[in-house]
Amino acid sequence: MKVLKSSLILMFLCLPIISCIGESKTKNVDTDPQDAMIRIAEIDIDSVYLDEYLDILREESEASVRLEPGVICIYPMFQKENPTQIRLLEIYANKKAYESHLQTPHFKLYKESTLHMVKSLRLIDVEAIDPETMPAIFKKFNY
């Protein structure tokens, strides 16, 4: 269990780089931080499917950032004490970008292939206290 936990931690340390600053192959969208749609997803995964779920999530979050100019960030993480408790920080340019994301083939594949793995899902819409600072956060990654 200790090796599994260490492997999971290492794996998720790499995800932020891929999932929040991946280079989009499509042109950038004009984004105003005031229009951003920000959400936290709380997902409880059945431990039997954890490795498989993480593989699928990794592919989906990377594809979303790389392929969709309106997806600013999909930042997956898990609780250190309980790796089946997944959290996603999702930042979209606006609500239209989010709605478009839901229609993509990679999101639909993720949703369909993980439905039986998810014990619970809670979506929490949040609002930035200081949206003007948001762009500076991502610029700190010098990639």
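Is it true that some residue in segment 50-57 is in a strand (DSSP E or B) and either surrounded by 14 or more Cβ atoms within 10 Å (Cβ to Cβ) or among the charged types (D, E, K, R) (or both)? No: segment 50-57 contains no residue that is in a strand (DSSP E or B) and either surrounded by 14 or more Cβ atoms within 10 Å (Cβ to Cβ) or among the charged types (D, E, K, R) (or both).
Evaluation of residue 42 against the conditions (1) under 21 Å from residue 106 (Cβ atoms); (2) among the acidic types (Asp, Glu); (3) at pLDDT 95 or above shows that the sole unmet condition is (1).
Residue-by-condition table, conditions (1) surrounded by 13 or more Cβ atoms within 10 Å (Cβ to Cβ); (2) in contact with a Ser or Thr (Cβ under 8 Å, 6 or more places away or on another chain); (3) among the aliphatic types (A, V, I, L, M); (4) not in a helix (DSSP H, G or I):
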{"site": "73", "(1), (2), (3), (4)": "yes, yes, no, yes"}
{"site": "77", "(1), (2), (3), (4)": "yes, no, yes, yes"}
{"site": "89", "(1), (2), (3), (4)": "yes, no, yes, yes"}
{"site": "96", "(1), (2), (3), (4)": "yes, no, no, no"}
{"site": "103", "(1), (2), (3), (4)": "no, no, no, yes"}
{"site": "106", "(1), (2), (3), (4)": "yes, yes, no, no"}
{"site": "109", "(1), (2), (3), (4)": "yes, no, yes, no"}
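Per the conditions (1) farther than 18 Å from residue 58 by Cα; (2) free of Cβ contacts under 8 Å to residues at least 40 places away in the same chain; (3) loosely packed, with under 10 Cβ neighbours inside 10 Å, the sole criterion not satisfied by residue 115 is (1). A search for C-beta distances below 8 Å between a residue of segment 126-142 that is of a type in the set (Gly, Ala, Ser) and any residue that is part of a strand (DSSP E or B), counting only pairs 6+ apart in sequence or on different chains, returns 128/38. Of the numbered criteria (1) touching a helix residue (DSSP H, G or I) at 6+ places or on another chain (Cβ under 7 Å); (2) acidic (Asp, Glu); (3) not in a helix (DSSP H, G or I), the one residue 42 fails is (1).
Screening 57, 115, 123 for residues that are more than 26 Å from residue 33 (Cα to Cα) and of a type in the set (A, V, I, L, M) leaves exactly one candidate, 115.
Restricting attention to segment 114-133 and to residues that are in a helix (DSSP H, G or I) and polar (S, T, N, Q), the residue that is nearest to residue 84 (Cα to Cα) turns out to be 114. Of the residues making up segment 61-120, just one is in contact with a Leu (Cβ under 7 Å, 6 or more places away or on another chain), of a type in the set (Val, Ile, Thr) and over 16 Å from residue 40 (Cβ atoms), namely 84. Would you confirm, using the coordinates I've provided, whether residue 123 is in contact (Cβ under 8 Å) with a residue 24 or more places away in the chain and either more than 20 Å from residue 58 (Cα to Cα) or surrounded by 13 or more Cβ atoms within 10 Å (Cβ to Cβ) (or both)? Answer is no for this residue.
The values are calculated or read from the model by the stated rules, or taken from the named source; none is laboratory data. The structure displayed is predicted, hence computed values, not measured ones. Cβ sites come from the backbone with ideal geometry, for glycine too, and all protein chains shown count toward neighbours.
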